[in-house]
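All of the numbers you see were taken from the coordinates with simple rules; none came from a lab. Every value quoted in this text rests on a predicted model; they were computed, and no experiment measured them. Every residue, glycine as well, gets a Cβ built from its backbone with ideal geometry; the counts of neighbours run over all protein chains shown.
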């Protein structure tokens, strides 16, 4: 019979319940089949039985237990590499026996091809031949090219952790040659585009930089800088707040990521997961995690909080009376900063409790600026105690109460005499309506005007303010 061009291998996936599996190639005997479960060889007659054989394949069934769900079942043809037929001189032609022997030759070639398809081979264009591989002597080795002419491979030691001593041995992939002076050391540093190999001596540093342009040699070695970005300073996920243990004089800066501006060259340093940085307003500076000045902050001021960074990526924080874009006086060693937001240092030299969300500082309690206002002429409301001059916007919340017996109108303005928002409250009896508004910060004030005389009036509280702190 003819033999199809096919693989003498069939893979199946167990469903955990069906013990019977198929194969799709011809067998002369049940012993010509090898079965594996997830790579483990099974024994015929103990683990499984071959149910049927034929020109197009057959089935086999597991005896003791069904392979686990999703187990890989592999059936591979395993004809013995021998010629068991002996032909006698001048005997009659036996076409069936000849055909079976020829079929077996094809089966064996297909078995060889299946193994070759799973083997590591050189590319077709390769001119190398006569590959020699040393016998491995221990475990935990990796195969490396030892020689190209002739092509020879050996087993080198894989260093999984710790420090590789110099000179680098041949077994570790090096030359084994001592290329450095006694007492000197080497440092290998990745720089994003390649790597830098620096040789440190007692009196000087020699740096070799490997790049696409070749090898560059320098007399000094400059440490790598932290990741440099472009764009605006700021933070992502700013959720800073008063310190839990000492809320009146300490503040916790909290964010997912910070991008600090380096004024000297307008570059940016990025720090992810900076952790919680607690600023102590009582620590004299300029100092990290303290003030940027030696003198204590005067009562009744806004204090601006900053993240600060060193060239090596160290991140900290400081507090300053100076708002962006000027920024803080940096402690020694720090070269870049990013604003967090501002807090109010009240008349008792305490931090008014607040929570920051992105660019906003939200007071934990209401800060009243109007209480029962009923002025029928434009009236100025100063919010400088609770809104810094550098804020872009502030939020007020409050109530409008009317028991005058007729309709009243509340008018809000941030520019004098220019109506910005109106609120109508019509009633036949007493009524109090809630209101809220985000007001542009023009001069740390807003204006209101009441259209009626006697009434419950207008009450307003500053709830928070927004600054351009670059929150992402």
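Observations
- Taking segment 285-352 and dividing mean pair separation by its residue count, relative contact order in percent (alpha carbons under 8 Å, at least six apart): 39
- Shape of segment 53-138, Cα gyration tensor, a/c cut at 1.5: oblate
- Per-selection Kirkwood Rh - segment 1-119 (Cα, Å, 1 d.p.): 15.6
- Listed peptides 382-391, 410-419 by packing density, highest first (mean Cβ within 10 Å): 382-391, 410-419
- Computed from the C-beta positions of residue 71 and residue 322, the FRET efficiency with R₀ = 60 Å rounds to 0.30.
- Among 125-135, 325-335, the order from most to least packed when residues are scored by Cβ within 10 Å on average: 325-335, 125-135
- Taking all pairs of distinct alpha-carbon atoms in segment 228-357, Kirkwood radius in angstrom: 14.4
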